[in-house]
Amino acid sequence: MDTSTHVTPKYRLTVLLLLTLVYAFNFIDRQIIGTLSPFIKDDLNLTDWQLGLLKGIVFALIYTLVGIPIAWLADRYNRVKIMAFSLAVWSGFTALSGMATNFMTLALARLGVGIGEAGGSPPAHSIISDMYPKEKRTSALAIYSLGIPIGVMFAFFVAGQLVSAIGWRGTFLALGLPGVALAIVVLIFIKEPERGAMEAGGFANKEREPFSESIKNLLTIKSWWGMCMGIGFASFGAYSLAQWGVDYVFRHDPSYHPKNNPGNFQSLMLALGLINGIVYGLGTYIGALVAEKWAKKNVRAYALVPAICLSIGVPALILGFWVDSVNTYLCLLAIYLFMSGSYLGPSFSIAQTLAPISTRAMSTALFFLFLNIIGLGCGPTYVGFLSQFLMTDFGEAQALRIALSSLAIFFVISIFAFLYAAKHLPRDWAGAEERNEGT
């Protein structure tokens with residue numbers, strides 16, 4: 001049974017921070033395979049195309065397919081229980097990843113992680129939207145989105161400290177088990193909020209749409225589509241970079257590999273952790289605040305801010321792949337990460353605000369379906385296959401550099417998708433207000 005959302009601001013903030021921590025664990029378990037990629041490659045004798053599959057489509061396909069039925073359940077049943085169970089599942093399979101002996105067993109473990117993580121964000125987004133009004137939803141979801149940089153940062157920190165001591169297998173185990181304990185905390189502390197309490201009239205007595213009708217209605221909202229494709233193609237580049245960035249540095253300058261210079265390796269992991277955690281985190285939160293403030297005068301800001309920021313950040317990233325110094329590359333990477341964080345809060349806010357109250361978890365699940373098939377699934381897989389294809393002619397290091405540089409194409413598609421969303425947002429925003437609030 002739903003519990004009233006007339007709760008204290010302190011409890012509401014505590015729930016938001018706890019959900020953010022869960023999301024951080026989500027990205028720790030997702031990112032760690034990219035961070036440990038060079039060690040897994042050496043130990044299991046894998047090729048770039050096999051690594052691309054493990055980092056991309058093997059995980060993303062099951063994640064997105066399972067996400068839709070889980071979202072359907074989350075729109076009808078207790079979201080807290082669904083999320084806590086999912087957290088325990090993906091954390092358990094992360095620990096089991098350390099026991100893999102070949103490509104196939106590691107792929108099966110990654111499939112298990114994907115099944116669990118599918119039940120993380122859709123229920124969380126729906127819970128947050130039932131605890132924060134739409135005027136504050138972007139900043140609340142931006143705080144939740146900070147779980148991404150926090151999780152990625154922690155993955156780098158852990159790799160820097162643990163991989164030399166306990167190996168990549170022990171690192172997987174050390175990261176997986178705490179998530180099981182966190183699932184128990186979530187189940188005990190968070191109470192299921194009332195659905196639609198932040199819109200006029202709530203949702204307690206409203207009839208839910210059939211499954212097929214929910215999807216049909218969401219897909220007719222043009223700006224929803226634009227934001228979805230924008231974050232999808234931006235994530236194509238972002239996930240590719242996250243999963244192949246460490247490999248790129250090791251191939252560009254082998255002195256950063258721990259077998260050659262443990263001190264350089266630890267410094268690199270610290271730098272990547274700080275850049276992803278602090279710089280990307282600041283970009284995520286500041287971008288959301290700017291969009292939210294600007295949107296009070298022009299609702300198109302939710303799409304314009306990501307388009308403008310990516311137009312600044314992407315050239316810096318591509319330039320970074322062609323400089324000689326690793327330190328210069330890290331500085332240019334920081335510029336990109338600060339700018340690229342801007343699309344998370346606005347995109348997730350639009351996914352919730354434009355969706356009918358009865359389909360908010362479904363809206364997020366569909367968002368993540370396209371985002372993860374395009375971004376998480378195709379991005380790292382594309383880079384791995386292209387790098388493998390180019391390796392004979394260009395060598396291992398140059399092949400990966402060219403593959404990563406070609407990501408500029410997908411970032412340009414993302415920018416145009418956000419501009420398309422900006423064109424249609426005023427009409428769709430007004431339609432959502434009329435539908436959800438009955439005004």
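The values are calculated or read from the model by the stated rules, or taken from the named source; none is laboratory data. Here the structure is a predicted model, which is why all the values come from computation and not from measurement. Cβ placement follows ideal geometry from the backbone for every residue including glycine, while neighbour counts extend to all protein chains displayed. Just the protein is used for accessible areas: all its heavy atoms, side chains included, with ligands, DNA and RNA removed. Shrake-Rupley method; radii C 1.70, N 1.55, O 1.52, S 1.80 Å.
Do we find that THR381 is buried (at least 19 other Cβ atoms within 10 Å of the Cβ), farther than 23 Å from ALA301 by Cβ and in contact with a helix residue (DSSP H, G or I) (Cβ under 9 Å, 6 or more places away or on another chain) in this structure? Judged against the criteria, THR381 is a match. For region 227-248, the criterion of being farther than 19 Å from GLY377 by Cα, at pLDDT 90 or above and hydrophobic (A, V, I, L, M, F, W, C) is met by no residue. Quick one: would you say ALA124 is in contact with a Leu (Cβ under 6 Å, 6 or more places away or on another chain) and surrounded by fewer than 24 Cβ atoms within 10 Å (Cβ to Cβ)? Against the criterion (in contact with a Leu (Cβ under 6 Å, 6 or more places away or on another chain) and surrounded by fewer than 24 Cβ atoms within 10 Å (Cβ to Cβ)), ALA124 does not qualify. Just one of the listed residues (GLY179, GLY151) is on the phi < 0 side of the Ramachandran plot and either under 16 Å from the mean Cα position of the chain (by Cα) or open to solvent by 40 Å² or more (accessible area, probe 1.4 Å) (or both), and it is GLY151. Determine, yes or no, whether LEU390 is at pLDDT below 95, open to solvent by less than 30 Å² (accessible area, probe 1.4 Å), more than 15 Å from GLY56 (Cβ to Cβ) and more than 21 Å from the chain's Cα centre (by Cα). Judged against the criteria, LEU390 is not a match. Considering region 113-222, the qualifying helices (runs of 4 or more DSSP H), each wholly inside and each with 2 or more residues that are modelled with pLDDT of 75 or more, run over 121-129, 134-145, 147-189. For ALA107, the requirement of being in a helix (DSSP H, G or I), closer than 19 Å to LYS81 by Cβ and modelled with pLDDT of 85 or more is not met.
Close contacts from region 229-240, counting a first residue that is touching a residue at least 40 places away in the same chain (Cβ under 8 Å) and a second that is basic (Lys, Arg) and part of a helix (DSSP H, G or I), with Cβ to Cβ under 7 Å and a gap of 6+ residues or different chains, come to none at all.
Only one residue in MET104, MET99 is more than 29 Å from LEU337 (Cα to Cα), open to solvent by 10 Å² or more (accessible area, probe 1.4 Å) and in contact with a Lys or Arg (Cβ under 8 Å, 6 or more places away or on another chain). Which one? Steps first, please.
Working: MET104 fails: in contact with a Lys or Arg (Cβ under 8 Å, 6 or more places away or on another chain).
Result of the check over MET104, MET99: MET99.
Reported count of residues in region 24-49, each being assigned to a helix (DSSP H, G or I) and surrounded by 20 or more Cβ atoms within 10 Å (Cβ to Cβ), is 17.
Just one of the numbered conditions (1) among the hydrophobic types (A, V, I, L, M, F, W, C); (2) crowded, with 24+ Cβ neighbours inside 10 Å; (3) touching a Leu at 6+ places or on another chain (Cβ under 6 Å) is not true of PHE368: (3). Return yes or no: is VAL299 open to solvent by 40 Å² or more (accessible area, probe 1.4 Å) and within 29 Å of LYS423 (Cβ to Cβ)? In short, no. Could you tell me which residue of region 402-417 is most open to solvent (accessible area, probe 1.4 Å), considering only residues that are more than 19 Å from the chain's Cα centre (by Cα) and within 16 Å of SER342 (Cα to Cα)? Going through the qualifying residues, I end up with PHE416. LEU310 satisfies every condition listed in (1) open to solvent by less than 10 Å² (accessible area, probe 1.4 Å); (2) modelled with pLDDT under 90; (3) among the aliphatic types (A, V, I, L, M) except (2). Residues considered: TRP90, TRP72. Of these, the only one that is assigned to a helix (DSSP H, G or I), surrounded by fewer than 24 Cβ atoms within 10 Å (Cβ to Cβ) and not basic (Lys, Arg) is TRP72.
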